[in-house]
Amino acid sequence: VIWHCLRPKADIINPNIKKTEEKVVDTMNVDDIKEDISFCRCWRSQEFPLCDGSHNEHNKKTGDNVGPMCLRKQQK
Ligand code: FES
């Protein structure tokens with residue numbers, strides 16, 4: 001029995017990002033980060049893997065409380 005096939009659709013976190021790929025993996029070199037940057041954790045961003053603020057609408061619609069993971073460039 002393939003258990004993941006029996007899961008209800010409600011368990012799916014990613015509604016439409018790179019659905020043809022078996023697994024969505026994004027890699028960024030930290031040395032390439034020139035300024036503060038926010039990564040999407042709601043899987044609704046049109047700029048994925050970056051946050052575009054879509055989590056606000058998702059939270060309003062669903063009562064969820066998700067938000068981005070923010071990297072802050074350290075001031076030297
Ligand atoms: Fe997904 Fe902001 S758009 S966390």
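Contact list please: Cβ distance under 9 Å, first residue in the stretch 18-46 and open to solvent by 100 Å² or more (accessible area, probe 1.4 Å), second residue in a loop (DSSP other than H, G, I, E, B) and away from the ligand (no atom under 16 Å from the Cβ), pairs at least six apart or on different chains.
Cβ pairs passing all conditions: Lys34/Lys73; Glu35/Lys73.
When the residues of the stretch 54-76 are narrowed to those that are part of a helix (DSSP H, G or I) and within 11 Å of the ligand (Cβ to nearest atom), which ends up surrounded by the fewest Cβ atoms within 10 Å (Cβ to Cβ)?
Restricting to residues being part of a helix (DSSP H, G or I) and within 11 Å of the ligand (Cβ to nearest atom), the top hit is Glu57.
Can you tell me which residues in the stretch 7-44 are in contact with a strand residue (DSSP E or B) (Cβ under 9 Å, 6 or more places away or on another chain) and assigned to a loop (DSSP other than H, G, I, E, B)?
Matches in the stretch 7-44: Asp26, Met28, Ile33, Asp36, Cys40, Arg41.
The values are calculated or read from the model by the stated rules, or taken from the named source; none is laboratory data. Worth saying up front: this structure is predicted, and the values here are computed from it rather than measured. Neighbour counts run over all protein chains shown; Cβ positions are idealised from the backbone, glycine included. Just the protein is used for accessible areas: all its heavy atoms, side chains included, with ligands, DNA and RNA removed. Shrake-Rupley method; radii C 1.70, N 1.55, O 1.52, S 1.80 Å.
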